[in-house]
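The block underneath contains the structure these notes are about, expressed in structure tokens.
The values are calculated or read from the model by the stated rules, or taken from the named source; none is laboratory data. Remember, it's a predicted structure, so these values are computed and weren't measured experimentally. Glycine also receives a Cβ, built like all others from the backbone with ideal geometry; neighbour counts cover every protein chain displayed. When the accessible area is computed, the model is the full protein with side chains, heavy atoms only, and any ligands, DNA or RNA have been set aside. Shrake-Rupley method; radii C 1.70, N 1.55, O 1.52, S 1.80 Å.
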Amino acid sequence: MSVRALAATLILALAGAAAAAADGAPRVLRYAFPVAETGFDPVQISDLYSRTVVAGIFDAPLTFDFLARPPRMKPNTLVAMPEIDAEFRTFTFRVKPGIFFADDPAFQGRKRELVAQDYVYTLKRHYDPRWNSPNLYRLEAVKILGLSELRREVLASKKPFPYDQPVEGVRALDRYTFQVRLAEASPRFHQEVMTDHGNFGAVAREVVEAYGDKIMEHPVGTGAFRLAQWRRSSRIVLERNPGYREQFYDEQAPADDPRSQAIAAQLAGRRMPMLDRVEIAIIEESQPRWLSFLNGQTDLMERLPNEFAPAVIPNDRLAPNLARRGITMERTPLVDITLAALFNQDDPVVGGYTPEKVALRRAIALAYDSDQEIRLVRKSQAIPAQTAVAPLTFGYNPALKTTMSDHDPARAMALLDLYGYVDRDGDGWRERPDGSPLVLEYATQPDQVSRQLAELWEKNMKAVGLKMVFKVAKWPENLKASRAGKLMMWGVAWAATTPDGDTFLALAYGPNKGGANHSRFALPAFDALYEKQKAMPDGAERQQTIEEASKLMVAYVPYKLSSHRIATDLMHPWVIGFRRNPFVREFYKYLDVDPALRDKEVK
């Protein structure tokens, strides 16, 4: 950095500090989740909302630049990017000295420095059967030497996990250096795992041992925030971690993005985090969530509810009455896939690989109208999905067309007739080929969007003579039941944490049952393609392999894939610095709020 640039940075930093000192008001960001959290232990969670909170509390070794497009990795708690051997099997990470965990009674009054062994311990915890990690599949897929074998020994012996036992695949070389060794090449291991604060942020062993089974309630990390208050399924409050290391805003905006350029200039040199608190309310119904934003009770409307899109963003432009209030909008692909239905392959009705079972799932997929879902329920805030792989990730092909987006009730009925799913007793509903009742049981939630989707499902299935019933439960309950393989069908979404299509292929990889693979799908031909692409560097050959695997998902239909969603976020004028980065969960770490402007506008 030049002397002039350094001086400008210091001036901006001092000006920001002076402004904060002058007004004296706490800088608080208030926003809402549409779905309740499940808890705050990185090893035990997999849902988006819990991970969004946890990502602000814990630190992974690497992170993504908040403003950079295309996405760019950079060190987070490391002194530099990891050293990677030529075979993509050995990764060496050097932790920056002088980073400390937030104070907690578990440390008995001592300042606790982050060391290499904390990352070793954190990775090992995912293999400990006690914690039933839903993200273990991500580590087992890269085959860390010795850890899966150790887990199997623990399961067989029913003894506690031996954390102190040396393992070839993950070890601390010295106080600040740890190394991960893999059985097979994995060119993107550091990107897929070591950028994820929400699941692989460093956890201190003392904290886990102090709180035991209550660890979901006691997150203690080295991140910018700490948990100040939690009323389950109601309210979450994060507060600035007073012991957070010196880190200054230095995000790099693209040259062709004037909005990000302006943010980078405005916030350059500010010490992070700039917020004193983040207050998150759980507001499941979209109407009160929207009104809380409109009335200034929340500062940020993350992901405008679909039903308000026609009035709030007609023709994808902010309505003039809102623009006059200084409200701004941000419209970005979510980098996700909506699974209109997962089909549990262990279920005797919809699961299986024989021709008649595959035909049933294909017929259901053809009978379901994804276009209506996008137009009527999502108010055109999505694009049709041809495969599971989402835009903005490697492996996505915008020119690829498959039958997954087709709506063809005539073909659906022809398939059902051909494979013996016919109405034998004249009651208007089809039976199974053996004459037994055919009832599709679909798990759903009590919120408005879920109700609308259930109505669409019922209408579409009735049109082809398929009887469908609905089981309503809270989202966390459905998630738990789905992981355990207890649901026949369920609609859910899956979002990427890194810009790579592997995230979406993982949904169908056999060894991921109970983790990403909620459908419990297991097809050797697919698994072979998944493993092949995982070992390849990015390039045309890997792209082709991803597409081959994607087409098998379309053919066997472990999921009815419907859409890739588009998020529209709205901000009041006192929110400073917001851009949606789909690979940065802890976005609030990069924001500021002007309390004086908020007080002036909200009366």
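Restricting segment 65-100 to residues that are in a strand (DSSP E or B) and touching a helix residue (DSSP H, G or I) at 6+ places or on another chain (Cβ under 9 Å), which is surrounded by the most Cβ atoms within 10 Å (Cβ to Cβ)?
Start the filter on segment 65-100 by keeping residues that are in a strand (DSSP E or B), which leaves 73-75, 78, 83-84, 90-95, 100.
Filter once more, so that each one left must be touching a helix residue (DSSP H, G or I) at 6+ places or on another chain (Cβ under 9 Å): 73, 84, 91, 93-95.
On the way: Met73: 19, Ile84: 15, Phe91: 22, Phe93: 24, Arg94: 21, Val95: 26.
The extreme case among them is Val95.
From (1) closer than 18 Å to Arg277 by Cα; (2) surrounded by fewer than 24 Cβ atoms within 10 Å (Cβ to Cβ), pick out the condition that doesn't hold for Glu541.
(1)
If you go through segment 580-594 one residue at a time, do you hit one that is assigned to a loop (DSSP other than H, G, I, E, B), over 24 Å from the mean Cα position of the chain (by Cα) and closer than 20 Å to Glu251 by Cβ?
yes
Taking Lys159, is it open to solvent by 30 Å² or more (accessible area, probe 1.4 Å) and at positive phi?
In short, no.
Within the group Met329, Met301, which residue is touching a Leu at 6+ places or on another chain (Cβ under 7 Å), open to solvent by 20 Å² or more (accessible area, probe 1.4 Å) and within 28 Å of Ala68 (Cα to Cα)?
Of the residues listed, the single one that is touching a Leu at 6+ places or on another chain (Cβ under 7 Å), open to solvent by 20 Å² or more (accessible area, probe 1.4 Å) and within 28 Å of Ala68 (Cα to Cα) is Met329.
State whether the residues of segment 432-439 include one that is over 13 Å from Ala367 (Cα atoms), in a helix (DSSP H, G or I) and either open to solvent by 40 Å² or more (accessible area, probe 1.4 Å) or free of Cβ contacts under 8 Å to residues at least 12 places away in the same chain (or both). Show your work before the answer.
Of segment 432-439, the ones over 13 Å from Ala367 (Cα atoms) are 432-439.
With in a helix (DSSP H, G or I) added as a condition, the list becomes none.
There is no residue in segment 432-439 that is over 13 Å from Ala367 (Cα atoms), in a helix (DSSP H, G or I) and either open to solvent by 40 Å² or more (accessible area, probe 1.4 Å) or free of Cβ contacts under 8 Å to residues at least 12 places away in the same chain (or both).
Filter segment 290-333 for residues that are among the charged types (D, E, K, R) and farther than 18 Å from Val575 by Cα and give the result.
Narrowing segment 290-333 to residues among the charged types (D, E, K, R): 299, 302-303, 307, 316-317, 324-325, 330-331.
Result: Glu307, Asp316, Arg317.
Testing Met1 on (1) modelled with pLDDT of 95 or more; (2) open to solvent by 60 Å² or more (accessible area, probe 1.4 Å); (3) part of a loop (DSSP other than H, G, I, E, B); (4) not small (Gly, Ala, Ser), one condition comes back false. Which one is that?
The one condition Met1 does not meet is (1).
Residues being part of a loop (DSSP other than H, G, I, E, B) and open to solvent by less than 70 Å² (accessible area, probe 1.4 Å): count how many of those fall in segment 198-254. Don't jump to the end; show me each part of the working.
Within segment 198-254, the first condition is being part of a loop (DSSP other than H, G, I, E, B), and the residues that meet it are 201-204, 218-224, 232-234, 241-247, 249-254.
Now narrow it down to the ones that are open to solvent by less than 70 Å² (accessible area, probe 1.4 Å): 201-204, 218-224, 233-234, 241, 243-245, 247, 249, 251, 253-254.
Qualifying residue count for the region: 22.
One residue is enough: does segment 272-286 have a residue meeting the conditions modelled with pLDDT under 95, charged (D, E, K, R), part of a loop (DSSP other than H, G, I, E, B) and open to solvent by 30 Å² or more (accessible area, probe 1.4 Å)?
yes
Let's see how each residue does on (1) touching a residue at least 60 places away in the same chain (Cβ under 8 Å); (2) open to solvent by less than 20 Å² (accessible area, probe 1.4 Å); (3) within 27 Å of Ile57 (Cα to Cα):
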residue: Val557; (1), (2), (3): yes, yes, no
residue: Lys560; (1), (2), (3): yes, yes, no
residue: Ile576; (1), (2), (3): yes, no, yes
residue: Arg580; (1), (2), (3): yes, no, yes
residue: Tyr588; (1), (2), (3): yes, yes, yes
residue: Leu591; (1), (2), (3): yes, yes, yes
